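K.L.:
Take a look at the following structure, please.
The values are calculated or read from the model by the stated rules, or taken from the named source; none is laboratory data. Keep in mind the model is a prediction, meaning the values are calculated, not measured. Heads up, the Cβs are rebuilt from the backbone with ideal geometry, glycines too, and the neighbour counts pull from every protein chain shown. For accessibility, only protein heavy atoms count, side chains too; no ligands or nucleic acids. Shrake-Rupley method; radii C 1.70, N 1.55, O 1.52, S 1.80 Å.
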Amino acid sequence: MKDYEAATAFLGEWGRFQKEVFFLLCLTIVSNGFTALSIVFVADTPPHSCLIPSHLNLTDAWRNVSIPLEVDSHSGALVPSKCVRYRLKDVRGFWDRGLLPDVDVNLSHVSTESCLDGWEYDRSVYTTTITSEWDLVCGDRWMNPLTSSIFFCGVLAGSIISGQLSDRYGRKIVLFATIALQTLATLVQVFSQSWVMFCAIYFVVGFGSISKYVAAFVLGAEILGPRVRTIYSTAGVSLFFGAGYMLLPLFAFFIRDWRMLLLGLALPSVLCVPFWWYIPESPRWLLSQGRVEEAEAIIRNAAKRNKIQPPSVIFSPLQIELQSEQRKAHNICDLLRSPNIRWISVTLWLVWNSVTIGYFALSLNTANLHGNAYFNCFLSALVEMPAYTLSWIMFRWCSRRWSLSSTLLMGGVFLLLIQLVPANHIFVAITLEMMGKFAVTTAFAIVYAYTAELYPTVLRNTAVGTCSMASRIGSIIAPYFIYLRSYSVSLPYILMGSLTVLVGLLSLLLPETRGMPLPDTITHMQRFPGCCQKKSYTLTQTEEKGNPADL
């Protein structure tokens, strides 16, 4: 009996049909590069200090010293305080009496107060951000990282729900529904009247963003042949995501107002609407649902577009019989039902969680690096492009386990080395951080493709969505890793580096999938070390009818 890939081998690997599916699905991913990291500019904190009301009519001498100086925790230099000012009642009294600062008045003895009249922000870089518009500074600065965390809470919800919807109702319909949801939510977000409203809509944007990404990722992995699938799963979607990420600082450089920036980033998604007529549903998924005629119609249409004559019978009666197991209802609980799939799932959840912490913490940290924020963001995006290329090379020619483990270990070591760099060697520290980002990004691309190979068709979208869901714990707390900089500049790197090294070692326990067929049912999955295995994956008729409980 032939498996799916053998039955459809007559289509070839890289015909017109595969090229259209490959590039159109990749194009739907570009906007994810905008959405996931636009908060770097939308919520950046400009230089600020307490507002001194103009109606006080203070002289320049008193106005210039009305903000006390304090030691900057990063540079060690004296800078104006961002959160306190000298008590204006006392300052006005000194001015009324004709006293001069630092001549008649010792400023160190003057009482201070909080910024009761608000803040004055530097407008040289940004016209407005949500931080400057809603004063997310000083006592309310905790709201800034919470904004990113709420987005990732939406990503968490999308990971939980969308995978199961996709496995139940189809990859294509979920893909286009979530493209529409993400675009409309971003457009509504432009009209936010408060931080609470912004965050509520941002949750929905996060939901749509991850749902679209996972649906496109799985749809391409299931439609494309083995060799092209490897390129698509590693370099393909990742490079197009990176392209969107690289365009983000370009958009932000020319659009300095956060509302107009979001509007500019939302509109390109409208161009995806015509893709509906060119991207088909996954034939693998249709077969798993018993919809054999629809699957055959898609394959025959693909053959027509590739100018190939299809055989009279594509899927044999035995293959149709195979779908009896696949038509059984599967859900998230199946990821923990047997010891083998349970250990694979738990290990992958830990790996995904730690990789996500490293990736998003380093990406969100670009605004805090020394130098121009736009250039740093572009540099952070640029290092991802060779990382994605390397992920494809490693995935194509190297062991899956060693590819994932080596990149994780390398990234962890680079991050741990940052704490050893002297404070005055800023560019050495930035170089090590970018090398760490390079390694972690490579691991991120590999683990996505590796996960799709480990799980069967009946659970693949649910599994990838659930792994993404588990990783959202990491993305939710990633902004707070950056927040730890206010206590110790090296602390975030120590924590991220240690976690990355640990999961790099843990990933060596995962089964190898290189050279193995993409599993269609739970019985076809590779074995986790220590879990019994009665037979190898040979796709014989006897194995196809095997009982999953035996495993």
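K.L.:
Angle check, please: helix 400-417 long axis (alpha carbons) against the longest principal axis of the chain (alpha carbons), in degrees 0 to 90, nearest 10.
P.N.:
Between the helix axis and the principal axis of the chain, the angle is about 10 degrees.
K.L.:
Next question. Quick check: the angle from helix 292-305's long axis to the longest principal axis of the chain, C-alpha only, nearest 10 degrees?
P.N.:
Relative to the chain, helix 292-305 is tipped by roughly 80 degrees.
K.L.:
With a 1.4 Å probe and all protein chains kept in place, how much accessible area does residue 481 have, in Å² rounded to the nearest 10?
P.N.:
In the full protein context, residue 481 sits at about 20 Å².
K.L.:
Along the charge dipole of the chain, pointing to its positive end and built from +1/-1 on Cβ of Lys, Arg, Asp and Glu, which listed residue (249, 81, 508) has its Cα farthest out?
P.N.:
Comparing the listed Cα positions along the dipole, 508 ranks first.
K.L.:
So, in the chain, how many Lys pairs have Cα atoms under 28 Å apart, if the pair is 8 or more places apart or on different chains?
P.N.:
Lysine pair count for the chain: 23.
K.L.:
Given only helices, namely DSSP H runs of n ≥ 4 each adding -39500 (n - 2.57), what is the per-residue ellipticity at 222 nm of the chain, to the nearest 500 deg cm²/dmol? Could the numbers behind the result be given before it?
P.N.:
Values: 23 runs with 328 residues, N = 551.
Estimated from H runs of four or more residues: -19500 deg cm²/dmol.
K.L.:
P(r) for the range 235-314: what percent of alpha-carbon pairs falls in each 5 Å bin, starting at zero?
P.N.:
Going out from 0 Å in 5 Å bins, the range 235-314 shows 3, 11, 13, 14, 13, 11, 10, 9, 8, 6, 2, 1 percent.
K.L.:
Something else: Give the value in nm², to one decimal: projected area of the alpha carbon convex hull of the chain, averaged over all directions.
P.N.:
Numbers: hull surface 107.1 nm².
Averaged projected hull area, Cα only: 26.8 nm².
K.L.:
Hey, what D do you get for the range 268-313 in µm²/s if you plug the Kirkwood alpha-carbon radius into Stokes-Einstein at 4 °C and 1.567 mPa s? Spell out each step's value before the answer.
P.N.:
Details: Rh = 12.0 Å.
Stokes-Einstein gives a translational diffusion coefficient of 108 µm²/s.
K.L.:
Go through 208-220, 137-149 and give me the packing order, highest mean Cβ count within 10 Å leading.
P.N.:
Sorting 208-220, 137-149 by mean packing, highest first, produces 208-220, 137-149.
K.L.:
Could you tell me which residue out of 264, 416, 237 lies farthest along the dipole of the chain toward its positive end? Charges go on the beta carbon: Lys and Arg +1, Asp and Glu -1, centred on the Cα centre.
P.N.:
Working it through, the farthest residue towards the positive pole turns out to be 237.
K.L.:
In addition: How far is helix 339-364 tilted off the main Cα axis of the chain, in degrees rounded to 10, range 0 to 90?
P.N.:
Roughly 30 degrees, rounded to the nearest 10.
K.L.:
When the dipole is taken about the Cα centre of the chain, and only Lys, Arg (+1) and Asp, Glu (-1) are charged at their Cβ, what size is it in debye, to the nearest 20?
P.N.:
Working: 42 positive and 37 negative charges, 303 e Å.
Dipole size: approximately 1460 debye.
K.L.:
Okay, next question. Can you order the peptides 273-285, 406-418 by their average number of other Cβ atoms within 10 Å per residue, highest first?
P.N.:
Working: 273-285: 17.8, 406-418: 23.2.
Per-residue mean Cβ counts within 10 Å order the peptides as 406-418, 273-285.
K.L.:
Given 20 °C and 1.002 mPa s, compute D for the range 339-477 with the Stokes-Einstein relation, Rh being the Kirkwood radius over Cα pairs; round to the nearest whole µm²/s. Don't skip to the answer; put the middle values down first.
P.N.:
Details: Rh = 15.8 Å.
My calculation gives 136 µm²/s for D.
K.L.:
Also, quick follow-up: Hey, can you grab everything whose amide H is under 5 Å from the amide H of residue 119? Only 5+ residues off in sequence or another chain; H modelled, so Pro and N-termini drop out.
P.N.:
Long-range HN contacts for residue 119: 51.
K.L.:
Further question on the same structure: Taking the full set of protein chains and a 1.4 angstrom probe, give the accessible area of residue 294 in square angstrom, rounded to the nearest 10.
P.N.:
Residue 294 has an accessible surface of roughly 90 Å² with all protein chains in place.
K.L.:
Projected onto the charge dipole of the range 336-456 (+1 at Lys/Arg Cβ, -1 at Asp/Glu Cβ, origin at the Cα centre), which of 377, 451, 388 gives the Cα projection farthest towards the positive end?
P.N.:
Checked the options; the winner is 451.
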